[in-house]
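Worksheet: one structure, shown below.
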Amino acid sequence: MAHFKVKRGYNIPLAGEPERVLVKGTRPKQAAVQPADIRNFRPQVEVGPGAAVKVGSVLFVDKKHPEIRFLSPVAGTVNEVVRGERRRIMRVVVDAASGDDYEEFPKYSDDEIKRLNWEKVQSALLQGGLWPTIRQRPYSNIAALEATPKAIFISGMETAPLAADPNFYMQGLKADFQSGIYALQHLTEGKIHLSVAPDQQDSFDGVDGVEQHTFAGPHPAGNVSVQVYHIDRLRAGEIIWYISPFDVARIGQLLKNGHYPNETIVAVAGPELEKRQYVKTISGASMVSILPEKLDDDEQRVLSGTVLAGTNASLEGFIGFYDHTVTVIPEVQKRRLLGWLSPGFNLASYGGTFFSSLIRNKKFVQNTDINGDERAFVSTGNYEKVMPMDILPVHLAKAVLVEDIELMEKLGILEVAPEDFALCTYICPSKIEFGEIIEHGLTLIEKEG
């Protein structure tokens, strides 16, 4: 076991952490699978409105690789296929029946899983709809079917503000997680790396087939990019795969039970909620089915994911394909007149603008106000303080803006993802969206081949 201590980074003092209480959510009336959650993915819909589906029925596939299937999380009837700009498919919505009827897939015991080979494991995950849970770096796309990664990474910790704690929601899933590890061992000739927090590893103790590491320090210590950088850094031409611990357990459930595992656990958090807790529900469940109280889209913003990497789902939305956190924060109602002149005892401050920066361990209610508009780039030297890798955020962003692919690669863009620059955006006095810039750079390199 290796121990790593990340010194650079920042824990945003955001109020509204979920209590470590797990409740059974009400059965959602609707659930959805959203192609928009998948990077660089072009879906081909296999069902239309009115079609009857079971749990595990195919909703859509990848146009380039039809073997990659996305399955229905509920039995019922397809309500609609929602399209956005240029008729881009945003989601397939299914009206849930009162009970679940399952498609049947092959079942294996743990001993049989250990004896499977690469082809059989891949076939089982493709058929059972769980291949998309495995993603790869560079680019964060769904793992390529023909690729063999040098290693597989699992982050058993979260450091983002108000994020769900894997050590809590994985309780009781150790046997399924172990079965999933047995399956993943067939997909790489390298190691499977499991990273956990030093004081939060109970749910992962004694797991065979993984090399376990501990990471201590502020966010983004829980990000896969940071862990890969410290454990087994990506070199030119190499790829790694990564997957969440919950999806590893789902792989175990699929192989042992022969049913598409349609349950998930979500942390419902945020200062706008009185009841902040973990909810067991259906994958892709509607937001209204898991939020414990009435909200208003004009007064609250409902995010699928964390405040740093989540998407604006709204009350009419659904849980994202990869998300285990739903965050509710207040919408900005009015701008503060000369707010920067106030002492700011109740306003969070990274750079010492307000007196609140002198108050240790205080959590603040933060809204959607970005406190200004985008302006000329000001290099403050703070960006490097929240980046725990030897990456120069400003230099890399400027290389992307001038579309210098060779310089981007030299500055390490293939080792990172947009989420790794969320803190740079948060502390930026110029209001620069670093994540959007990095995404543009990655897309450009991918197109150029």
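Points worth noting:
- Residue within the range 74-90 that is surrounded by 13 or more Cβ atoms within 10 Å (Cβ to Cβ), modelled with pLDDT of 95 or more, under 15 Å from Ser283 (Cα atoms) and of a type in the set (S, T, N, Q) present: no
- Top-ranked residue of the range 211-255 - restricted to ones that are of a type in the set (D, E, K, R) and farther than 21 Å from Ser179 by Cα, ranked as surrounded by the most Cβ atoms within 10 Å (Cβ to Cβ): Asp232
- Conditions (1) crowded, with 18+ Cβ neighbours inside 10 Å; (2) among the small types (Gly, Ala, Ser); (3) in a helix (DSSP H, G or I); (4) at pLDDT 95 or above: number failed by Ala175: (1)
Every residue, every condition in (1) part of a helix (DSSP H, G or I); (2) out of contact with any strand residue (DSSP E or B) (no Cβ under 6 Å at 6 or more places or on another chain); (3) under 30 Å from Leu411 (Cα atoms), yes or no:
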site	(1), (2), (3)
Gly206	no, yes, no
Ala221	no, no, yes
Ala236	no, yes, yes
Asp247	yes, yes, no
Gly252	yes, yes, no
Leu255	yes, yes, no
Lys275	no, yes, no
Val279	no, no, no
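- Complete set of residues in the range 221-244 that are among the polar types (S, T, N, Q) and within 23 Å of Gln185 (Cβ to Cβ): Gln227, Ser244
Residues are listed down the side, and each one gets a yes or a no for (1) part of a helix (DSSP H, G or I); (2) β-branched (Val, Ile, Thr); (3) within 18 Å of Val121 (Cα to Cα):
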position: Ala147; (1), (2), (3): no, no, yes
position: Thr159; (1), (2), (3): no, yes, no
position: Ala164; (1), (2), (3): no, no, no
position: Leu184; (1), (2), (3): yes, no, yes
position: Glu189; (1), (2), (3): no, no, yes
position: Ile192; (1), (2), (3): no, yes, yes
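- Single residue of the range 397-413 satisfying the filter (small (Gly, Ala, Ser) and buried (at least 20 other Cβ atoms within 10 Å of the Cβ)) that is farthest from Gly449 (Cα to Cα): Ala397
- In the condition set (1) surrounded by 14 or more Cβ atoms within 10 Å (Cβ to Cβ); (2) out of contact with any helix residue (DSSP H, G or I) (no Cβ under 6 Å at 6 or more places or on another chain), Ser109 is compliant with all but (1).
- Residues satisfying the criterion are present in the range 2-18 (criterion: of a type in the set (Lys, Arg), out of contact with any Pro (no Cβ under 6 Å at 6 or more places or on another chain), not in a loop (DSSP other than H, G, I, E, B) and not assigned by TED's automatic domain parsing to the domain that holds Pro292).
- Unmet criterion (only one of (1) among the β-branched types (Val, Ile, Thr); (2) more than 30 Å from Asp297 (Cβ to Cβ); (3) under 26 Å from the mean Cα position of the chain (by Cα)) for Ile405: (3)
- When the test is whether a residue is closer than 19 Å to Val121 by Cα and in contact with a Ser or Thr (Cβ under 8 Å, 6 or more places away or on another chain), Ile231 does not pass it.
- Count of residues meeting criterion [under 19 Å from Val224 (Cα atoms) and either outside the structural domain of Arg375 (by TED's automatic domain parsing) or free of Cβ contacts under 8 Å to residues at least 40 places away in the same chain (or both)] in the range 437-449: 1
- Among the strands (runs of 3 or more DSSP E) confined to the range 28-123, the ones with at least 1 residues that are within 22 Å of the chain's Cα centre (by Cα) and touching a residue at least 12 places away in the same chain (Cβ under 8 Å) are located at 30-33, 43-45, 58-62, 69-71, 89-96.
- Residue satisfying condition, being within 20 Å of Ala151 (Cβ to Cβ) and not polar (S, T, N, Q), within set Ile231, Ile290, Ile265: Ile231
- Residue match in the range 92-103 (condition: buried (at least 18 other Cβ atoms within 10 Å of the Cβ), small (Gly, Ala, Ser) and in contact with a helix residue (DSSP H, G or I) (Cβ under 8 Å, 6 or more places away or on another chain)): no
- Number of positions in the range 36-45 that are surrounded by fewer than 16 Cβ atoms within 10 Å (Cβ to Cβ) and among the acidic types (Asp, Glu): 0
- Of all the criteria given as (1) among the polar types (S, T, N, Q); (2) assigned to a helix (DSSP H, G or I); (3) on the phi > 0 side of the Ramachandran plot, the one not satisfied by Ser289 is (3).
- Among the candidates Ala160, Ala147, the residue that is in contact with a strand residue (DSSP E or B) (Cβ under 9 Å, 6 or more places away or on another chain), surrounded by 17 or more Cβ atoms within 10 Å (Cβ to Cβ) and not assigned by TED's automatic domain parsing to the domain that holds Gly270 is uniquely Ala160.
- Residue that is farthest from Ala164 (Cα to Cα), among those in the range 263-294 that are among the polar types (S, T, N, Q) and buried (at least 21 other Cβ atoms within 10 Å of the Cβ): Ser286
- A single member of Val394, Val416 is free of Cβ contacts under 8 Å to residues at least 24 places away in the same chain and buried (at least 16 other Cβ atoms within 10 Å of the Cβ), and it is Val394.
The values are calculated or read from the model by the stated rules, or taken from the named source; none is laboratory data. These figures come from a predicted structure and were not determined experimentally. Because the Cβ atoms are built from the backbone with ideal geometry, glycine has one as well, and the counts that use them run over all protein chains shown.
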